[in-house]
Amino acid sequence: MEVVIVKDSATGGALIADAMADLLRRKPDALLGVATGSTPLPVYEALGATVRAGEVDASHARICQLDEYVGLPAGHPESYRSVVLRQVVEPLGLTENSFMGPDGTAQDVAAACAAYDQALADAGGVDLQLLGIGTDGHIGFNEPCSSLASRTRIKTLTQQTRRDNARFFNGLDEVPHHVITQGIGTILEARHLVLLATGEAKADAVALAVEGPLSALVPASALQLHPHATVVVDDAAASRLKLADYFRATYAAKPDWQGL
Ligand code: PGA
């Protein structure tokens, strides 16, 4: 696992957007797995600016969703489908044809989950999966004690996650209890995992994920199993890392050609 400590979220966003742009230059139809929430917004802003400046052609890029609320009506502005279309797909000049996600409105949720895992496999797998981390250590919506081998399935949100996400709704009561999320086993199949965490509120979860034992109690610790996992954190989110000085020195000495 590589840990890159940056001074702020804009720097982290630009670094990850550069890695995505490099990937699209090597593989124009790369499948980019994106995340929702506040943290990844600087990535999408930086990538959009790079595309608009003509520095990379994203017209063949494909975008896929990590997770989704169950039961929000189609077109609800806070369904993750709507969020990803608004924040990623449209700003990159793409359409819904370049986008895939699980169907949170399906009557048969289990079938929708299996169909999404199959669709990801049929698409050739995710090339780069961007991840956030919950204050409880979740990735996607794999809450603590999710199986480290899990596939896309329905999960129940913790109260902590529902409270964290209430800011996007008109209060806690409106936050769904159930979600569909790529499983940890599904996420681990992406070729490159990039987790971005910013702010003091994520410092404990980051330290447990990076330096703690591999544990289903901290789903993000599963990144320790991945051969190409990059954790990008700002100084605040890195503040509980015991090896912070080592991570800083390693990145400072990294040859440019290696990229992320
Ligand atoms: P946030 O969400 O970026 O809004 O903090 C992260 C997550 O829950 O994965």
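No value in this document is a laboratory result; all are computed from the given coordinates. Note that the structure is predicted; figures quoted are calculated from it, not measured. Every residue, glycine among them, receives a Cβ derived from its backbone with ideal geometry; neighbour counts consider all protein chains shown.
For the chain, a Gaussian network of Cα nodes joined below 10 Å ranks G212, G54, G104 by mean-square fluctuation, and the top entry is G54. Sparsely packed loop sites in segment 37-73 (the GluC sites (Glu not before Pro) outside DSSP H, G, I, E and B with at most 15 other Cβ atoms within 10 Å) comprise E55.
Sorting H60, H226, H138, H192 from the fewest to the most surrounding beta carbons within 10 angstrom yields H60, H226, H192, H138. By the equivalent-ellipsoid construction on the alpha carbon gyration tensor, the chain comes out with semi-axes of 26, 23, 17 Å, ordered largest to smallest.
Just to confirm a number: summing +1 for Lys and Arg and -1 for Asp and Glu over residues other than D127 whose beta-carbon lies under 13 angstrom from that of D127, what do you get?
Neighbour charge sum, excluding D127 itself: +2.
Residues of segment 114-139 with an amide N closer than 18 Å to a point placed 7 Å from the Cα of Q224 along the Cα-to-Cβ direction: 133-134, 136-139. Residues whose amide H lies under 5 Å from that of R153, counting only those 5 or more places away or on a different chain, are T181, G183; hydrogens are built 1.01 Å from N in the peptide plane. The Rg/Rh ratio for segment 63-177 is 0.94, where Rg is the radius of gyration of the alpha carbons and Rh is the Kirkwood radius.
Please arrange D57, D234, D245 by how many other C-beta atoms lie within 10 Å of their C-beta, fewest to most.
Ordered from fewest to most neighbouring Cβ atoms within 10 Å, D57, D234, D245 come out as D245, D57, D234.
Each residue, N170 and Q258, gets one label point 7 Å from its Cα in the Cβ direction; the gap between the two is 5.1 nm.
Of all the C-alpha pairs in segment 142-260, what % are more than 17 Å from each other? The share of Cα pairs beyond 17 Å in segment 142-260 comes to 64 percent. Other residues lying with their Cβ under 14 Å from the Cβ of A238 contribute a combined charge of -3, Lys and Arg counting +1, Asp and Glu -1.
Would you grab the residues whose amide H sits under 5 Å from the one on T39? Only those 5+ places off in sequence or on another chain, please, with H modelled 1.01 Å from N. Distant-sequence amide H within range of T39: zero hits. The residues packed around M20, meaning those with a beta-carbon under 14 Å from its beta-carbon, carry a net charge of -2 if Lys and Arg are +1 and Asp and Glu are -1. Each Cα pair under 8 Å and six or more residues apart adds its separation to the average, and for segment 43-144 the resulting relative contact order is 23 percent. What percent do you get for the relative contact order of segment 2-255 when only Cα pairs under 8 Å and 6+ apart count? With pairs under 8 Å counted, the relative contact order is 23 percent. Ranked by how many other Cβ atoms sit within 10 Å of their own Cβ, fewest first, the residues V218, V56 fall in the order V56, V218.
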